[in-house]
Amino acid sequence: MAEISEAQDSDSSKLLDSDSKAPQRPDSEPEFDPKLMRKSKPGLKRLFLTFSVLFSFLLGFPFLWKSVEIYRFPLPFREIDSLSTQLRSDTLLFPLHFHALFVGFDSDPDRLRRSILSEITKLTSQNPKCSDNYTLSVTVDLGSRCLRGPTSSPHSSSYQCGSVTAAAFVQNDDVAVDERLASVFGGKTKEYSVAVVKGGSERAVVGKYRHAWMVVGDGSDVGMAAVKVAEVLVKVFINGGREEGLIRNEFMPVGADGKIVLSFNLLNADPHDWVYDWDFEKIDDTLLTPMIEALGPVANISVESQVLYHTPKASFSYWNQKLESYVFSTKDLPFFVNSNEWHLDTSIAAGGRSKILQFAVYVPSAKECPLLLQLPNGEISKTNGFISPMWGGVIVWNPQGCLKDSEFKPSAKNIIPIQDLENMFEVFIGQFRQLFGFKSLNVYTNASGDWNLLPSERGLTEWELDVLSWQHTCFNLHSCATTLGSLSRLVQSLPRMIIKDEIGKQVKLSLEAAKLALSNASSGVYESSAASSSQARSLAEDAFFDPSIMSVSYYSFEHCFAVYSPFFLPVSMHVVLAALRELKRYKQEKAKYLAWKAKANTAT
């Protein structure tokens, strides 16, 4: 036991000796805690490297966003909404001036004017889209002097007293009277005139210009004449002889691009019996070209022709012993056109949104010749043809002596006589007029009687062209506003839709053309307003159906985020978390350094 205690005493003495030999801390040095303090300033190298990686990601984000950016031309949304609001709130008014001339009557022009205006108001139907803003002047020609009402009207003063007399209407030469009235009323201003002449045989005629005349007996009532004047002004000059009014539910057959393709086809049912050809160029120059030029402001019309063989009809006909011919009825018309055998092809230029009207001359085979169309009343059609709305028309032409097969050589090529060809194309022009909503007959019947309508060598009279211009302008402007409005709503609903510069230019040009059409319509320049409205509608349709819009599947921003986030989000999160950790570590180490520095300053 004594040995163990001695050993312990020796060990303790050694420890005391070693402690006495350790360096002693000066009394002025502060106490240092390595967990809470550090003597050296923390470096910025790790923090700089970490944030350099983060900033590289942040700088690359705009390039990534630019790479997936969709180019969008700034469309004029406010102007589109303004045009739609203007056409929807304000009725498009076409200024019209009517002039009624009474020759041989001793009446008060103001009273006649009030009577005519009252009848016009009764007959005029208010259209919510387009209407007419008409004025009326009345002139009573007494030979030596004229009574005018109202006297302040600038239009009534253009007529010179004594220019129209009853003697000019005695001959019953309507064409000469029409040209005479054209020289009297025709001026720089477009006015619709009706002359009422007392004396001679009673008749009522509407000329091919913008005037009509009516010859009444000596004992005729001037009040009844005023009623007839109002009827012809509204029913003929405003409505175009149609009951539907200015705007119909189904518009005339004009394509969305303002183009019409007239395709004329000569169909030889069986070339083994006979083959017929035609001199189409001559007919085109004499009959079709004037009509196409007259319709230039309304539609851009092109003409094509072809001769086809082996084109039997799809319907059946039966032999009528009384008529000694084959007969097909109106019930067979829906099945007459054989779409499987009649390859009515058109050129490449006729594609797109152009409207194609087919006109066919059907030459029957020897087995069903002559072929006649029987009307529902049992009579035979004088034209031997029919129309199909929005498609075209068909005429059945029977060759002369087709029952005598021996006169024709098999497969011999024959030419349709020019007179028969002219008669057929006159029927085609009548069918074309019907497709546009006009009457094919030259008679208009109303409650007050019949009016003879003088035909024009151009196929359409001037007042009919005016009606088409109003109708065309009104329809096209509302169609343009609807299309642009749909495009505006579509673009605003799809932020990722591509809008090229071409689309933006088409929209701007469409708006400019629409504004020009509105200005011309309000000024009474009907042809220019029709042409401008057609251009506005065509440009709007081109912008809406642009291939760059229709060929891309659009997606939202959320879809884009969902596609790219699996590639960049994991790496980005690690970089951001590392930068936050390094920033936190740097702040802690800097706090330790500042704590040590503060304690050292306190100690000194």
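The values are calculated or read from the model by the stated rules, or taken from the named source; none is laboratory data. Given the structure is predicted, the values throughout are model-derived calculations rather than measurements. Note: ideal-geometry Cβ built from the backbone for every residue, glycine included; neighbour counts use all protein chains shown. We work out accessible area using only protein heavy atoms, side chains counted, and drop any ligands, DNA or RNA first. Shrake-Rupley method; radii C 1.70, N 1.55, O 1.52, S 1.80 Å.
Points to keep in mind about this one:
- Once divided by 2.2 N^0.38 Å, the Cα radius of gyration of the stretch 92-246 becomes 0.99.
- A protection proxy built from the mean count of other Cβ atoms within 10 Å ranks the segments 514-526, 285-297, 560-572, most packed first, as 514-526, 285-297, 560-572.
- Here the relative contact order of the chain, from alpha carbon pairs under 8 Å that lie six or more residues apart, stands at 19 percent.
- If R0 is 22 Å, the Cβ-Cβ spacing of Arg114 and Ala182 corresponds to a FRET efficiency of close to 0.15.
- Rounded Å value of the spacing that divides the Cα centres of the stretch 440-517 and the stretch 51-108: 18
- Listed values [x] 92, 39, 17; [y] 69, 26, 20; [z] 67, 30, 19 include one computed from this model; for semi-axes √(5λ) of the Cα gyration tensor in Å that value carries the label [x].
- Taking the chain as a whole, the Cys residues whose C-beta sits 4.7 Å or farther from every other Cys C-beta are Cys480, Cys560.
- Candidate cross-link partners of Lys505 among the lysines, defined by an alpha-carbon separation under 28 Å and a same-chain spacing of 8 or more, comprise Lys66, Lys129, Lys259, Lys355, Lys515.
- Taken over the stretch 399-522, the percentage of Cα pairs per 5 Å bin, counting from 0 up to the bin with the maximum distance, is 2, 7, 11, 11, 9, 9, 9, 9, 8, 7, 6, 5, 3, 1, 0, 0.
- Mean separation of Cα contacts under 8 Å (6+ apart) over length of the stretch 92-246, as relative contact order %: 27
- If you plug the beta carbon distance of Tyr318 and Asp450 into 1/(1 + (r/R0)^6) with R0 = 41 Å, you get a FRET efficiency near 0.65.
- Extension gain for Glu457 to Val576 (0.36 nm times residue separation, less C-alpha to C-alpha distance): 34.4 nm.
- Based on protein heavy atoms only, the stretch 259-435 ends up with 49 Å² per residue of surface accessible to a 1.4 Å probe.
- Mean ellipticity per residue at 222 nm, deg cm²/dmol - from DSSP H runs of n ≥ 4 across the chain, formula -39500 (n - 2.57): -13500 deg cm²/dmol
- Under-5 Å amide H pairs with Ala360, H placed in peptide plane, nonlocal only: Asn265, Gly393, Val394, Ile395
- Across the stretch 85-145, Cα-Cα pairs farther apart than 12 Å form 73% of the total.
- Asn172/Ser565 FRET efficiency (R0 60 Å; Cβ-Cβ; nearest 0.05): 0.10
- To the nearest 10, the accessible area of Ser89 is 80 Å² with a 1.4 Å probe.
- Contour excess over end-to-end distance, with Cα ends at Lys367 and Glu589 and 0.36 nm allotted per residue: 68.8 nm
- Additional length obtainable on full extension of the chain from Lys500 to Arg72, 0.36 nm per residue less Cα span: 153.4 nm
- Unit Cα scatterers, Debye sum, the stretch 266-395: log10 I(q)/I(0) for q = 0.09, 0.15 Å⁻¹: -0.31, -0.84
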